[in-house]
Each structure stands twice: as structure tokens, then as C-alpha cells.
Amino acid sequence: MDSELETTRQKVIECTKCELSKTRTNAVPGKGNFQSDVIFVGEAPGRNEDKNGEPFVGIAGQRLNIALENAGVSRESIYITNVVKCRPPNNRVPTMSERNTCQDYLQKEISIIKPKIICILGNTAFNSILGGSEITKYRGKIVKKDKQFYFLTVHPAATIYNQELITVLKEDIVKLFDLIRELKNGKQISADIDYSA
Ligand code: URA
Ligand code: SF4
């Protein structure tokens with residue numbers, strides 16, 4: 001593993017910068033391939049992630065796995081993390097203050113891995129990273145901001161009770177990896193939403 005990423009991992013594991021450190025079992029640093037072309041960003045750890053110290057290992061993770069497998073992509077080949085690294089009590093949405101306090105870790109993960117594209121999973125990540133809202137309206141779209149590409153899709157947990165959304169997530173993940181192939185082949189990608197324009 002990249003040593004700078006390992007340092008960041010250790011810092012997350014020991015972090016007490018916000019109140020969530022008092023109620024967590026384990027902090028959950030990002031996990032996966034540090035040479036990945038894509039970083040997936042969720043909201044915050046849930047119960048299973050808190051127990052195991054790993055991101056997306058519960059039901060939401062299983063939904064994400066279904067969509068990845070459908071696109072022929074292995075979990076080991078990608079990198080997955082969250083906006084906030086410790087579980088909020090009862091899975092409440094992390095506060096602005098918690099997100100702001102935790103954001104240096106995500107920025108660090110991004111600067112080390114330098115992904116070709118960042119895949120935003122759901123509204124909390126959309127709002128925290130790009131100031132957006134209404135992910136169901138914007139999902140499937142490509143965003144460009146400060147020379148970085150982003151891809152928007154629904155949160156895997158949202159597909160648990162809504163069967164239509166698993167089809168949506170699958171379609172989006174296929175589109176994402178088509179895009180990654182094009183980026184790797186040096187093709188010019190035009191963003192649907194360009195914050196730098
Ligand atoms: N939901 C998230 O947003 N992240 C996880 O790691 C698990 C569930
Ligand atoms: Fe530190 Fe982030 Fe955990 Fe808060 S949520 S204690 S800032 S790692």
C-alpha cells in the first residue's frame with residue numbers, strides 16, 4: 001500500500017477530532033486499490049461498517065457489489081470511502097460540522113489516489129462535495145469541477161426498498177466504467193454540468 005495512504009488510514013483510526021469518536025466502535029477509513037481510476041464516496045459508516053472497520057460491508061455494500069459485478073468490476077480493483085469516517089448514532093445524517101471536520105481525510109485520499117473520476121453515491125456525498133441536492137434528478141450525469149471529473153449516482157442503500165433503483169444503479173455503474181475506459185483511451189469527455197465554465 002502507498003505509505004502516505006497508510007499514514008492517513010492510521011490517523012483516521014486514531015482520530016478524535018469530532019464527537020462521533022465517542023460513540024463509534026471503529027473508525028472506517030477508505031479501502032481498496034490505491035491505483036484505482038475511480039474513488040466511490042458514500043455518506044458514513046453504518047452498523048456493520050462500525051463493527052468491522054471497513055466501508056460498505058453491510059446490506060448497502062451488497063447492493064453496490066451487485067452493480068459492480070453486473071459491470072464486470074471487482075471490489076478489489078476500486079477504492080471506496082465515505083464523507084465521514086465514523087458512524088453517526090442511529091445512522092442519522094452527519095452534521096455539517098462533522099462533515100467539515102472530517103473532510104481533510106477525504107481530500108487527502110483524493111490527492112494521493114488521483115482518480116480519473118470520483119463516483120458520488122447519494123445526496124450526502126453530492127451535497128458535501130459539490131454542494132448539490134436532488135441526486136435522483138442528477139444521477140447518471142458527469143460533473144467537472146476544478147479539473148476533476150465526478151459521476152453522480154444514487155446511494156446503494158436507496159435500492160434496498162426500491163427495486164427500480166437497483167436497475168438505475170446498475171445502469172449508472174455500467175456507464176461509469178464505459179466512461180473510465182474512454183478517459184483511459186484519451187478521449188475527450190464533455191461534462192453535463194461544468195462548474196469551471
Ligand atoms: N452507507 C454508507 O454511506 N457508507 C458505508 O460505508 C455503508 C453504508
Ligand atoms: Fe475524526 Fe472524522 Fe471520525 Fe470525526 S468522523 S472522529 S473527524 S475520523
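Values quoted throughout were computed directly from the atomic coordinates according to the rules given, and no laboratory measurement underlies them. What you are looking at is a predicted structure, and each value in this text was computed from that prediction instead of being measured. Cβ coordinates were reconstructed from backbone atoms using ideal geometry, including for glycine residues, and neighbour counts include every protein chain displayed.
Just a few scattered comments:
- Residue tally, condition surrounded by fewer than 16 Cβ atoms within 10 Å (Cβ to Cβ) and hydrophobic (A, V, I, L, M, F, W, C), over region 158-173: 1
- Some residue of region 61-72 being within 14 Å of ligand 2 (Cβ to nearest atom) and in a loop (DSSP other than H, G, I, E, B): no
- Filter result for residue 47 (basic (Lys, Arg), crowded, with 16+ Cβ neighbours inside 10 Å and more than 24 Å from residue 112 (Cα to Cα)): no
- Those residues of region 73-95 which are of a type outside the set (Ser, Thr, Tyr), exposed (fewer than 15 other Cβ atoms within 10 Å of the Cβ) and within 16 Å of ligand 2 (Cβ to nearest atom), in sequence order: 89, 90, 91, 92, 93
- For region 109-157, the set of residues classified as farther than 20 Å from residue 32 by Cβ, in contact with a helix residue (DSSP H, G or I) (Cβ under 9 Å, 6 or more places away or on another chain), of a type in the set (D, E, K, R) and surrounded by fewer than 20 Cβ atoms within 10 Å (Cβ to Cβ) consists of 134, 145, listed by residue number.
- Residue selected from region 20-33 under the condition part of a loop (DSSP other than H, G, I, E, B) and within 14 Å of the chain's Cα centre (by Cα), by the criterion farthest from ligand 1 (Cβ to nearest atom): 33
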